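In what follows, a structure is listed as structure tokens, so that the remarks can point back to it.
The values are calculated or read from the model by the stated rules, or taken from the named source; none is laboratory data. Since this is a predicted model, take the numbers as computed values, not measurements. Counting neighbours? That spans all protein chains shown, and the Cβs are built from the backbone with ideal geometry, glycine included.
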Amino acid sequence: MEKFVITISRCCGAGGTTIGKRLAQDLGISFYDKNLLHLASEDSGISEALFANADERLKGSLLYKVSKRVYKGELIPPESDDFTTNQNLFNYQAKVLKELAQQESYVAIGRCADFILKDHPRLIRIFLYAPFEDCVVHEMEKHSIGKREAERLIDKTDKYRSEFHKHYTGHDWMEMENYDICINTSAVSYERTVQIVEDYVKKILEEK
């Protein structure tokens, strides 16, 4: 079978991780989310803790919120003082995503993978969303928290994902034209969402 990649961008509370894992299991392919940090650490020799902390540093940066550092495939060499900057940490994650795409089929959650792999011939870009009220209920149940806390969590998470995506891609996170399939996971079940994506994958592989 030809190698393909499914990227999933998702609103907080829309079930992206659950759906991504089910897709990977059904299709018999790998699933990458935060485990990508470990692979990027091994590839670069940079501490995994630095990768894990990079996003936290970015969240509080005003520069990050108003600027763009659109990814162009570059890597900063180890001898440079900028080797462990946030930008280069992102670059190594992107490098790993590209190398994995040459070796295997997989599902990737977030990390701007839809943009990084935009030239892949069999890339399926998914965006999952749901009404805010339904996302709140989902997060309340998932984390055993109250409504107000779930609302704050969703607002904070979606704001960060939007800013992160804009910073590294130059595109708005919720521009539907940047995706192949956009699904309201409250309108259809998770099982049906998985089936829709699997049917699309089969169609893409047949045509290409």
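Brief remarks follow.
- Annotation note: Cβ proximity below 8 Å between a residue of region 164-177 that is closer than 17 Å to L128 by Cα and a residue that is among the basic types (K, R) (sequence gap 6+ or interchain) occurs for D172/K166; W173/R161; W173/K166.
- Each residue in region 107-129 was checked for being out of contact with any Lys or Arg (no Cβ under 8 Å at 6 or more places or on another chain) and surrounded by fewer than 22 Cβ atoms within 10 Å (Cβ to Cβ), and 6 pass.
- V188 surrounded by 15 or more Cβ atoms within 10 Å (Cβ to Cβ) and within 15 Å of G16 (Cβ to Cβ): no
- Only one entry in V107, V96 is farther than 24 Å from Q195 by Cα and either in contact (Cβ under 8 Å) with a residue 40 or more places away in the chain or of a type in the set (A, V, I, L, M) (or both), namely V96.
- I183 satisfies every condition listed in (1) without any contact (Cβ under 8 Å) to a residue 12 or more places away in the chain; (2) buried (at least 18 other Cβ atoms within 10 Å of the Cβ); (3) of a type in the set (A, V, I, L, M, F, W, C) except (1).
- Residues in region 117-153 that are in contact with a Phe, Trp or Tyr (Cβ under 9 Å, 6 or more places away or on another chain) and either of a type in the set (K, R) or more than 16 Å from T185 (Cα to Cα) (or both): H120, P121, R122, L123, I124, R125, E151.
- A search for C-beta distances below 9 Å between a residue of region 111-139 that is in contact (Cβ under 8 Å) with a residue 40 or more places away in the chain and under 15 Å from W173 (Cα atoms) and any residue that is of a type in the set (D, E) and buried (at least 19 other Cβ atoms within 10 Å of the Cβ), counting only pairs 6+ apart in sequence or on different chains, returns R125/D114; I126/D114; F127/D114.
- The number of residues in region 167-193 that are assigned to a helix (DSSP H, G or I) and in contact with a helix residue (DSSP H, G or I) (Cβ under 9 Å, 6 or more places away or on another chain) comes to 7.
- Per-region count, region 17-47, residues modelled with pLDDT of 95 or more and either buried (at least 22 other Cβ atoms within 10 Å of the Cβ) or at positive phi (or both): 4
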